[in-house]
Structures are given as structure tokens and as C-alpha cells.
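Here's the structure we're looking at; comments come further down.
Read the figures in this text as sums done on the coordinates, not as results from a lab. What you see is a predicted model, and the numbers here were worked out from it, not measured in a lab. Cβ placement follows ideal geometry from the backbone for every residue including glycine, while neighbour counts extend to all protein chains displayed.
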Amino acid sequence: MNQKRQERSSKNLRKKHHLTDATEPNLLEDTFPYELPPLIRLEGTAVEYIDGEPVEFDFGAVKDRDILISDTTFRDGQQARPPYTIEQMVHIYDLMSRLSGPNGVIRQSEFFLYTKNDRETLDRCRALGHKYPECTGWIRAFKGDFRLVKEVGLRETGILTSCSDYHVFHKLKFRSRSQCIDAYCEIVDAAFEAGVRPRCHLEDLTRADIEGFVLPFVDRLMEMSEQVPEELSVKIRLCDTLGFGVSYPGVRLPRSIPKLIYKLNRECGVPSERLEWHGHNDFHKVHANAGTAWLYGCDFVNTTLFGFGERTGNPPLESAVFEYIAIKGDLCGIDTQAITELADYMRSIGLPIPENYPFVGRSFNTTRAGIHADGLRQDERIYNIFDTGKLLGRPPRVAITDKSGADGVTHWVNEFFGLKGKDRINKIKVHKLARWVIDQYDEHGRLTAISDQEMEAQVKELMPEYWEKYKSD
Amino acid sequence: MATVEERVKAVTARVLKVPQEQIKLKHSFTVDLGAESVQSVELVAMFEEEFGIEMDEESALAVETVGKAVEYITNTCKEQGVDVEQ
């Protein structure tokens, strides 16, 4: 566009905006209902230019599509930390099932199958009898590994089918792309023979030759799928292994998420319900990329609890849950309070969750500035994202200041120790701490809020008997 | 041994930093002796420590005067089997 056209175009777009005066507030509750996360109200279509042609994507339809969440906390999540014990995994799986709800919004969770402990964990999780998440496996693309899937009797397993030339040539040492595809297809055939659905994980997809390798490979997988019953047909996981995926329109392949999904979905004909997005957070794009995958036609997004996964992690499961509710406009049977329980449990077994981490960090809804605290006192909606008390069991908090009083300090202490009902400590027992807080301002002239870390240190010093009782582990 | 009244006045003087001899039974902790919110809590805590008793938070903090405190503490000591000088 030349400069003159640009000027004309921008001139034509200018218009006058008139104030809609009001004496009553319009809180936009259609979008911000407070008892739910803010809704994502999608309308109309989005256009992406693919191979020079405009292609429409019906974002409005996503509300009615069967979009779902899958989980890899025990596979990718566990690759980033020392192994969980069997008991820990069974407990996490149990809570995840509660979070998922009767509709199975968290539809699947994948498990390693390599060690005796892996297999015992799987057995014990399945023995809980939960319908969701369904347990699936994960193996490398080695024929020998497939024996493991058969032994444990799973209906579906992920198979690592790396697809960038970094992997094909430099990691897996294939002599050619065709040799690589033949090897992958042999494993897929073995899966079909055993009556197990293969889920091909296109590792490093966002750095692969899409036209020259990925699409011909997926074409072949689709041809193979036509020869088997529908329930065995290949699923495709789009693995953004190093977080190179980009969500917005106009980006070239292989980094464009819209184009990748279009190519697999519409050109190769992989149905949406057999497409799954698996992201990584190396460029801070992980959650937005997962949401984008949903919009452009990929029904599954693969996640881990609190985003904990290889290196910078994966799409956080709990964020996907809130995104799901925001798109659907309904809780859909999801028990969101289980998110808080999961976070408490993860912390108790040593998973570090940053203080400011959304939805579950200790300070995620703590307001510090006095003016914010004042706003919260008047109407908690002013500085709270949604009804966090109802949805997460975490009402908004105010950081400790000179205005907190003994009641505020006592509230903080009980929340810190996680005490409820008759177990709550009364304010008589908190008097030394309340005095310390007051003295910070009256005696030492402090002007800032007291951090949770400072409060913790004082609780340890001034309330040693309670520290011993509740925090000594 | 000092009486309950003497001990209550001594604790009150120490916590609220007022001369003990100026404290009267009719004095209100807040209005006459200037107890702020946190000091009221500290008073109850110090009474518990002085007499070796446990007090109910709500009813203890509802006591307004020194005289009522003497009465309340005397009764609580009796209920909890703590010997005190009347």
C-alpha cells in the first residue's frame, strides 16, 4: 500500500464517538459474570491466508465443538523432576479425576510404561475405577517398546515420531526421510495388529519441513487408518517441542499454528477429534498457543498440572480448564476447587509454585496497595478476577499493613497454616505477631506492606509451638 | 499472694503503660485507659498468662471494665480449678 492510499484509508476510518452517559454502572456482566471466569465470547470467522488464498475459520463454532483437555503430568511433567512415588501419582490422578468432572473434560492422561513402578502406578490408577481421565501410554518408536503397551492392555498409546530433520538425521540417525517414515509406519502397523490405537507424536513439528516430510507422512498414516476400524485410526499430536509455535495470522510455516492445523485437518483430512496440540513454554506463548489450537480445529490440548514439564514446561492444565469454561460459558461439571487441592498437594511434596503464579500461587489474588485494599473492601470484584472464593476456595486477600489489625493478622495466620473451622487459631494466640506488625509502623516508621516471607519468619519466631505443629514437616 | 484485683490492675498497667495506682475498677479499658484494638487482645493474652487460664476469645474481649474483668477472671479461675486470692 502506498503512502497516499494509507493516508486515505486511515482518514476514512476516523469517526466520532459519543459518550453514553449513565448514572448506573454497566458492569458488562454478560462477559464478566463473576461466578464464572470471564467469558470468551467468540463471534464470526477469522481469516488466514494459506498458500495465497483466504481461508475462513469459524471461531463461533468452537463453543459447540467437543474440545477437550489431555494430560501429561506423569510423562512430560515427570521428565522435569525427580520421579513421583506411586502413592503420589495415584493421589494426583484421583484429584485430577475429580477436577475433570463427570463429562471428562480432562479426557486422557498418559503414563510411562518402562519400569515396574510405571506399570504398578498405571494399575493402581486404573483400579480407582474412574472413567476419566482415561489412561494412555507413551513409548518411543521402537518395536520392542510396543510389547509394553500390549502387556498392560492399554487401548491407546503415544508413539514418538520425531519429524524435524534435526531429529530424523541428527538424533535418530536415519539415512533418509523415507527410511524414517517406513520405520515409523512399521510401529503403527504393529499397534494396529495388537488392536491398540497409535497416537503419533510429531516431535519438533514447528521446526520441520511440513510440505516435504510431515504432510506426506501424515497422508500415509491416514491411508493406513482407512484400512482399520475407526477406533484404531491414528491420532496426531502436534508437538511444539521447543515452543517455536506462533498463534497469530500471517506467520509462515512451520511456526504458524493456524497453518499447521489447517494442513493436517483439511489437506490431510485428520479429523479435529484426532488432533492434539502439545506445547512448550520456551517463548512464553504456551497457554495462548494451546487456546489457538482449539480455535483453529484441534480438539485436544495436551497439558500438565501447573505447567510443570520439560525445561520451561507445558500448557498449564488448570489454565486450560479456565479457558474451557470461558469458551463454553459453563462449568460443565468441572470441580474447580480441586485445582487448589492439587496445588496444596504438589507444594506439600516439594513442587515449587511461584507466589505470583496464576490461580494457585500464594499471592495470586493478594492485593498490596492500600488503594486496592480499599477497593476490595468496597466491592471485591474491583480487584478480583472472578469469584476465587467460590471457584478456588481462595477469597481475595489483602497484604498485611498497619491497617490489618489483630483480625487481619489472625486471618493471615490461619490461611498460612491452612486451618479451618474449630481448628482456627484465635486472635488471643496471635497477639505477639499482631504487636510486631503494629510496631513496624508505629515504632519503625515503615510505609510498605509486610510480605508473606516476613510474616512467615515472624510466625516461626513468635509462634514456635504452632510452627512446630503445622510446619515442622 | 496478691488478690485478683491487684494482679488484674498490674497487668493492665504494664500492657497499657498507665500508672497502676490510677486504675479504678469502674474504668473502661478503651474509653478511660485508652486500649487500642491490639492492646485489648494483648490484655486478654496477658491475663491468661498471669492466671494460667484459657479464656473464650469472644466473651473475654467483650468485657469492658476493670471490675468486670476481675469478676470474669475470678469465675474462669474457679471453673478451671485455679486457686486465687479473692
For chain B, calculated [θ]222 nm from helices alone, where every DSSP H run of n ≥ 4 adds -39500 (n - 2.57): -17500 deg cm²/dmol
Here P(r) for the protein assembly as shown, Cα-Cα distances in 20 Å bins, as whole percents, is 17, 39, 26, 14, 4, 0
Spin-label model distance (nm) - A:E341 vs A:R65, 7 Å beyond Cα toward Cβ: 3.2
Local electrostatic count at A:A290 - Lys and Arg +1, Asp and Glu -1, tallied over other residues with Cβ under 11 Å: -2
Residue range of chain A that is longest and free of trypsin sites (Lys or Arg not before Pro) which are both DSSP loop and sparsely packed (at most 11 other C-beta within 10 Å): A:253-419
Taking segment B:12-86, which trypsin sites (Lys or Arg not before Pro) meet the DSSP loop condition and have no more than 13 other C-beta atoms within 10 Å? B:K17, B:K24, B:K26
Charge-dipole axis of the protein assembly as shown as Lys and Arg at +1 and Asp and Glu at -1 on Cβ define it, positive-most pick from B:T12, A:T121, A:G445: A:T121
Provide the net charge surrounding A:V234, with neighbours chosen by a C-beta distance below 12 Å and charges set as Lys +1, Arg +1, Asp -1, Glu -1. -2
What pairs from B:K26/B:K68; A:K235/A:K263; B:K24/B:K68; A:K420/A:K460 go past 18 Å between their alpha carbons? A:K420/A:K460
Measure nothing fancy, just the Cα-based angle from helix A:116-127's long axis to the longest principal axis of chain A, in degrees from 0 to 90, nearest 10. 80
Under the helix-only model (-39500 (n - 2.57) for each DSSP H run of 4 or more, divided by the residues of chain A), the mean residue ellipticity at 222 nm, to 500 deg cm²/dmol, is -11500 deg cm²/dmol
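Where in chain A is the longest stretch that carries no GluC sites (Glu not before Pro) classed as loop by DSSP and with at most 16 other Cβ atoms within 10 Å?
Within chain A, the longest run free of exposed GluC sites (Glu not before Pro) spans A:44-225.
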Could you pull the Rg and Dmax for segment A:133-223, using just the Cα atoms, both in Å? 13.0, 39
Counting other Cβ atoms within 10 Å of each Cβ, which chymotrypsin sites (Phe, Trp or Tyr not before Pro) in segment A:91-186 have at most 15 and sit in a DSSP loop? A:Y114, A:F142
5 Å-binned pair-distance histogram of segment A:366-471 (Cα, whole percent): 2, 12, 21, 23, 19, 14, 7, 1, 0
Magnitude of the charge dipole, the protein assembly as shown, Cβ model with Lys/Arg +1 and Asp/Glu -1, debye to 20: 1840
Rounded to one decimal in nm, the spacing of the 7 Å Cα→Cβ label points at B:E49 and B:K78 is 2.8
